[in-house]
Amino acid sequence: MDNKYLQVYFILGSNNATQDPLEILEQALKGGITCFQFREKGTNALMGGETKKQLAIQMRDLCRFYDVPFLINDDVDLALEVDADGVHVGQDDMSILEIRKICPADWIIGVSATNKEEALQAKAEGADYIGVGPIYSTNTKEDAKQPIGEKGLLEIREALSSIPIVAIGGIRLGHVMQLMKSGANGVSVISAISHALNPEQTAKVFLSHTNYFFL
Ligand code: 3NM
């Protein structure tokens, strides 16, 4: 997987949105996000069915228009149904090996890891990228583990060598430089963009901060 897709990786579910999620997503796309993950999890999340599917289809269409990869969190069946570009799975979700048996050959599969052992296993199983976190404390994920900090990220980077890593959890603009210096190829955020007064402008600034490491 090309590292450039991880640069500003936006995640959103209907329950993270204080306004129309499609409006937030379109603004973030206009601002230059490089990857998007549809994640319906936690309190007030859509529990599957037609509403979730219709939202996924509309989000997929927006991402296609802006030529940004569209991934779905955990729900492999939905990702297959709506022809997503891949999935992101946690440690307790379907394994990469099972997913690879049933998904298109070019699917992107990302895996969450909080420590070196989980990250090394995901790499060995063929993950395209690893989501490392939570780096800082976050209110967005109800069952988030203890934050591992920039030091934890650096340790995982050193253990993994070159696989693409995106940092996640409590990330704000001011953290970006240090995270990239600690081995991240990009940053993944929910609330920093979804709760921003101006999601487009915020995405743009995230992009400019990370551009420094890509140019
Ligand atoms: N996964 P925010 S932390 C979805 O540690 C998610 O794996 C995490 O939201 C992990 O940017 C997290 O608002 C929440 O903190 C990220």
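The values are calculated or read from the model by the stated rules, or taken from the named source; none is laboratory data. Predicted model only: the values in this text are computed from it and were never measured. With ideal geometry, Cβ positions are generated from the backbone for all residues, glycine too; neighbour counts draw on all protein chains shown.
Would you be able to tell me the number of residues in the stretch 5-19 that are part of a helix (DSSP H, G or I) and under 19 Å from Gln54 (Cα atoms)?
Qualifying residue count, the stretch 5-19: 3.
Here is a list: Ile165, Ile171. Which entry is in contact with a strand residue (DSSP E or B) (Cβ under 7 Å, 6 or more places away or on another chain), free of Cβ contacts under 8 Å to residues at least 60 places away in the same chain and β-branched (Val, Ile, Thr)?
Ile171
Name the single residue that is modelled with the lowest pLDDT among those in the stretch 34-43 being in a loop (DSSP other than H, G, I, E, B) and surrounded by 10 or more Cβ atoms within 10 Å (Cβ to Cβ).
Gly42
Residues are listed down the side, and each one gets a yes or a no for (1) modelled with pLDDT of 95 or more; (2) outside any loop (DSSP other than H, G, I, E, B); (3) on the phi > 0 side of the Ramachandran plot:
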position: Ala119; (1), (2), (3): yes, yes, no
position: Ala122; (1), (2), (3): yes, yes, no
position: Ala127; (1), (2), (3): yes, no, no
position: Gly131; (1), (2), (3): yes, yes, no
position: Glu142; (1), (2), (3): no, no, no
position: Glu150; (1), (2), (3): yes, yes, no
position: Ala159; (1), (2), (3): yes, yes, no
position: Met180; (1), (2), (3): yes, yes, no
position: Ala184; (1), (2), (3): yes, no, no
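Filter the stretch 186-201 for residues that are polar (S, T, N, Q), within 12 Å of the ligand (Cβ to nearest atom) and under 15 Å from Gly32 (Cα atoms); which is surrounded by the most Cβ atoms within 10 Å (Cβ to Cβ)?
Looking at residues that are polar (S, T, N, Q), within 12 Å of the ligand (Cβ to nearest atom) and under 15 Å from Gly32 (Cα atoms), I get Ser188.
Residues being crowded, with 18+ Cβ neighbours inside 10 Å, touching a residue at least 40 places away in the same chain (Cβ under 8 Å) and in contact with a helix residue (DSSP H, G or I) (Cβ under 7 Å, 6 or more places away or on another chain): count how many of those fall in the stretch 136-162.
Total satisfying the criteria: 3.
For the stretch 163-185, which residues satisfy the criterion of being crowded, with 22+ Cβ neighbours inside 10 Å, under 13 Å from the mean Cα position of the chain (by Cα) and more than 20 Å from Ala144 (Cα to Cα)?
Scanning the stretch 163-185 gives a single hit, Asn185.
Out of the residues in the stretch 44-74 that are surrounded by fewer than 15 Cβ atoms within 10 Å (Cβ to Cβ) and within 11 Å of Gly13 (Cα to Cα), state the one that is nearest to the ligand (Cβ to nearest atom).
Ala45
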